[in-house]
Each structure stands twice: as structure tokens, then as C-alpha cells.
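Reviewing the structure listed below.
The values are calculated or read from the model by the stated rules, or taken from the named source; none is laboratory data. Quick caveat: nothing in here was measured; it's all calculated off a predicted structure. In this analysis, Cβ positions are derived from the backbone assuming ideal geometry, glycine residues included, and neighbour counts consider all displayed protein chains.
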Amino acid sequence: MTTVLIIGAGSIGNHLAYACRKKNWNIDIVDIDEEALIRMENEIYPSRYGVWDNSISLHSSIPQKKKWDIVIVGTPPDTHTKIALEVLEKSPPKVLLIEKPLTTPTMPDQNKLTDLIDKSGTKCLVGFNHNVTENTKFIEELITEGIVGNPSSINVNWLEDWSGIFKAHPWLSGPSDSYLGFQHLGGGACCEHSHAIALWLYLAKLLDAGSIVELNGAMKLVNYEGCDYDEETTITLTTSRGIKGIIKQDVKTMPAQKMARIDGDKGYIEWYANYSEGQDVVKWSIANGEEKMKIFPKSRPDDFKNEIDLIEELILNDNISTPLDYELGLEAAILTNKAVESNKLMKAIKL
């Protein structure tokens, strides 16, 4: 039986534990906060999925002398690199999934982690799960069909008031209670909503848009009640092929807008997450023709199903390239780092 270690009993740990148990995998969950383990067993998991799964083993420290096929790091971003290094040094699994964002904007020890991943033989992924949802897969098909022709721009918005995050984490009274309220810990709009950055990078790869040659980051920074984070971030990009891009992220927009748009000389494609309740959507049109739309019904657990399906494939064949590969997650981290730098300098920077 496939064995899984999930480090972190917070919201993402619950989501991924449920997705793994749907595969009937054997799961150990570790959290140094015993209250988090109690909360998972008595509140979060049963409230989301109906009942606690007694086959899940809970631990306050990583069990010794045990090896897992899959290790998932679902802790705060400022701990990701340290924990991933420890996992790879002590007992490298077949697949290591690090929750997004990969790291904090300063990227401590990232070169060391990259080197160790290369040497370990472990397939490493970063949890940008929207890169593998059904509507994203459909966009890949449309791009392959040549719907947009030669692309001219790629724009992604991930605009969402983070009240939904605190609703899912009722033990937090606000951003100051966790990393969320501190950009240097991996919080704020640019890091917390970095799905936008990862989706932009993946779409650019599918379109063969070229490398990013110039970037401008503009952030609205907030300092209150001890917090220090970006409430909104806009990143403008230019690629080596002359394709323009705009990535907008915030933690204040209601209702949320999670969408991407690709424009080209033949047509356009629009991608939506949570277009309406229980629906992701893709819209497209060729040469100013009639707009078409395809609906992808889903539930909240479905947001993580494809991610775990992909990991199952990698257990059998870790040589395949995926939209969650570490390289893309690292590129997203570098882009975040450069956006913070650009904002501090108050000017565009060359890459």
C-alpha cells in the first residue's frame, strides 16, 4: 500500500489527507502543535467530510525509522525549505510535495534545496493545484488546437478577500495570528495568492512565450497591528518574444475574481476558477466569432483530486514532466523575489 506522511494538520493538510484517503493510502500526519491535531480530528476533518477517518495516524513528531512513498509539506511558507531539507537528508521519498508558495520572498537556502533535490532522486512538486484542474487541462487542448494563434498577452487576476481563509481557519482571529499578515514569512497577496504567478508561468510555457526579460512589481503595503504585508500586488512582464503580461493579486476583493485571459492574433481564451458556485469555466472565441463556453462542475475536494491523481502517476513513473514540477515552483518564487525587489526600487528591472 502507498504510504504518505503529511507534515502540518492545518487546512491544506486536511484537504490533502482526504484526497489521499480516497485512494485508500496509508497516512501519517505530524504537527508539533497538539492542538492542531485535536482540531483536525474533532473539528476540521469531520465538519468537511462528515466523519473522522480512524485509519489516519496522528503524531506530534515524525515517527522514527519509517519510510514513506510520498511526503507532503503543508506547514507555513517560512518552514518549507527547512523541513524539505530534513526530509531529503534523512529519508528521501519517491515524491515530495511542498505546498505553495515554495518559500518566502528572500528564498533562504533555496540553492541548497535545489541541489539536494537533484541529487536525491526524489520527484519534487509544488502545490499549485489549479495548474492541473480540468479547466486548465482543457485550455491546454485549445492552445494545441491553435485557437489564439500567435499570442500577444497573458493576464491573470487572483483577487480575493481573505475573509474566506479565516472562515476556513476559525482559530485565527486575523492576519496577525499567523504568517498571513507578514510578507517576509510568505504572507500577503503576492505569496498567498501566488496561484496567479504559477498559472501565468504555466500558460506562458504552453504558449512558448519565451523567457521573462523585464518585470515591474508594484505593491500596496499595509502596516497595522504589527502586520506588514502587501494588500495588493501588480506585476507587469515582458518576454523575449515580446509577449506582455499582467498579474494582479490582492486580499481584499469581494466577490472574488480568479481568471486568466490569453489574447492572440486569431482569438482569445478565458479561464475561470469558481466562476459560480461549484463551477470552473473556460470561454473562447476565434476571429471575433461567437463566444463558446465550457463548464466544469466541481466540489471543493475536487480542487485537490487531480493533484493527488498526478502524484499517483509519479509513483509509477517519476520521469514525466508535470505542471507542478519543482522547476516551475522555483520560477514562481524567483518572480516573487524580483517583484518585491522591483517594488522597493520603484522601477522595472531586467532579468
Is it true that Ile44 is crowded, with 18+ Cβ neighbours inside 10 Å, free of Cβ contacts under 8 Å to residues at least 60 places away in the same chain, part of a loop (DSSP other than H, G, I, E, B) and of a type in the set (A, V, I, L, M, F, W, C)? no
Selection within the stretch 120-133 - more than 18 Å from the chain's Cα centre (by Cα) and at pLDDT 95 or above: Thr122
Condition first: within 30 Å of Glu231 (Cα to Cα) and at pLDDT 95 or above. Can you find one or more residues in the stretch 283-290 that meet it? yes
Quick check on the stretch 152-203: of everything there that is at pLDDT below 95 and among the aliphatic types (A, V, I, L, M), which residue is farthest from the chain's Cα centre (by Cα)? Leu172
Restricting attention to the stretch 193-207, does a residue exist that is of a type in the set (Lys, Arg), touching a residue at least 12 places away in the same chain (Cβ under 8 Å) and surrounded by fewer than 23 Cβ atoms within 10 Å (Cβ to Cβ)? yes
Only one of these is of a type in the set (Lys, Arg), closer than 16 Å to Phe138 by Cβ, in contact with a Gly (Cβ under 9 Å, 6 or more places away or on another chain) and surrounded by fewer than 20 Cβ atoms within 10 Å (Cβ to Cβ): Lys298, Lys266. Name it. Lys298
